[in-house]
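Colleague: Below is one structure. I have some questions about it.
The values are calculated or read from the model by the stated rules, or taken from the named source; none is laboratory data. Please read all numbers here as calculations on a predicted model, not as lab measurements. Note: ideal-geometry Cβ built from the backbone for every residue, glycine included; neighbour counts use all protein chains shown.
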Amino acid sequence: MTDFANLVAGGRRLGPLLAAVLADHPDPALLAAIPNGVPVALGIAETVAGPLRALKVARSDDGVVIEPMPDLGGRAVVVIDDGVETGTVARAASAALRESGVSSLILAVPVCPMEALADLKDRYDAIVAVVRPMARRDLAWHYADFDTIDEATAMRLLWDHNAIS
């Protein structure tokens, strides 16, 4: 049995949990990790209002590189992704965003295994996850349809969302 029908469904279940955490953070910046964080963010957006921005993630021989994000100093920032497997993207995002002077940093993912949570809780002010399994599994295991998308589709979905929000 899987935890979520698809990535959007994971976001829909995550939305109310994130909304409760954001009650003390007016006007947070919502950053969807490209590409698979976007469908999750679209599910969250049904509960949590606001524009969604792209958190561009590049993988290279040096590991994961996060594209710089302007205009985040002093704001609460939410990093949204499809889940945590090894925590590589979440760690890179936290390091890059802390350097930009954010006031609060929140990780919102449908799945975060307990072994990754131990490391990430020192990097984020809050971690919001629907499922916190004891052991790490491939993220696809948690979704009936792990409907991954490419970067171009992710950017188009963000554009469409923000145009009608």
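Colleague: Kindly indicate whether Val89 is of a type outside the set (Ser, Thr, Tyr), in a strand (DSSP E or B) and touching a residue at least 24 places away in the same chain (Cβ under 8 Å).
Modeller: Details: of a type outside the set (Ser, Thr, Tyr): yes; in a strand (DSSP E or B): no; touching a residue at least 24 places away in the same chain (Cβ under 8 Å): yes.
Here the answer is no, as Val89 does not meet what is asked.
Colleague: From the list Ala19, Ala93, exactly one residue is surrounded by 21 or more Cβ atoms within 10 Å (Cβ to Cβ) and of a type in the set (Gly, Ala, Ser). Which is it?
Modeller: Of Ala19, Ala93, the one residue that is surrounded by 21 or more Cβ atoms within 10 Å (Cβ to Cβ) and of a type in the set (Gly, Ala, Ser) is Ala93.
Colleague: Can you say whether Val65 is closer than 15 Å to His161 by Cα, of a type outside the set (Gly, Ala, Ser) and either modelled with pLDDT of 90 or more or surrounded by fewer than 22 Cβ atoms within 10 Å (Cβ to Cβ) (or both), as far as the supplied structure shows? So that I can check it myself, show each step before the final result.
Modeller: Numbers: closer than 15 Å to His161 by Cα: no; of a type outside the set (Gly, Ala, Ser): yes; either modelled with pLDDT of 90 or more or surrounded by fewer than 22 Cβ atoms within 10 Å (Cβ to Cβ) (or both): yes.
The answer is no for Val65.
Colleague: Could you run through region 26-62 and say how many residues are closer than 16 Å to Asp160 by Cβ and either in contact with a Cys (Cβ under 6 Å, 6 or more places away or on another chain) or among the hydroxyl-bearing types (Ser, Thr, Tyr) (or both)?
Modeller: Going through region 26-62 one residue at a time, the tally reaches 0.
Colleague: Another question, if that's okay. Does Ala76 meet the test of being in contact (Cβ under 8 Å) with a residue 60 or more places away in the chain, more than 23 Å from Trp141 (Cβ to Cβ), surrounded by 13 or more Cβ atoms within 10 Å (Cβ to Cβ) and of a type outside the set (Lys, Arg)? Show your work before the answer.
Modeller: Values: in contact (Cβ under 8 Å) with a residue 60 or more places away in the chain: no; more than 23 Å from Trp141 (Cβ to Cβ): yes; surrounded by 13 or more Cβ atoms within 10 Å (Cβ to Cβ): yes; of a type outside the set (Lys, Arg): yes.
When the stated conditions are applied, Ala76 does not pass them.
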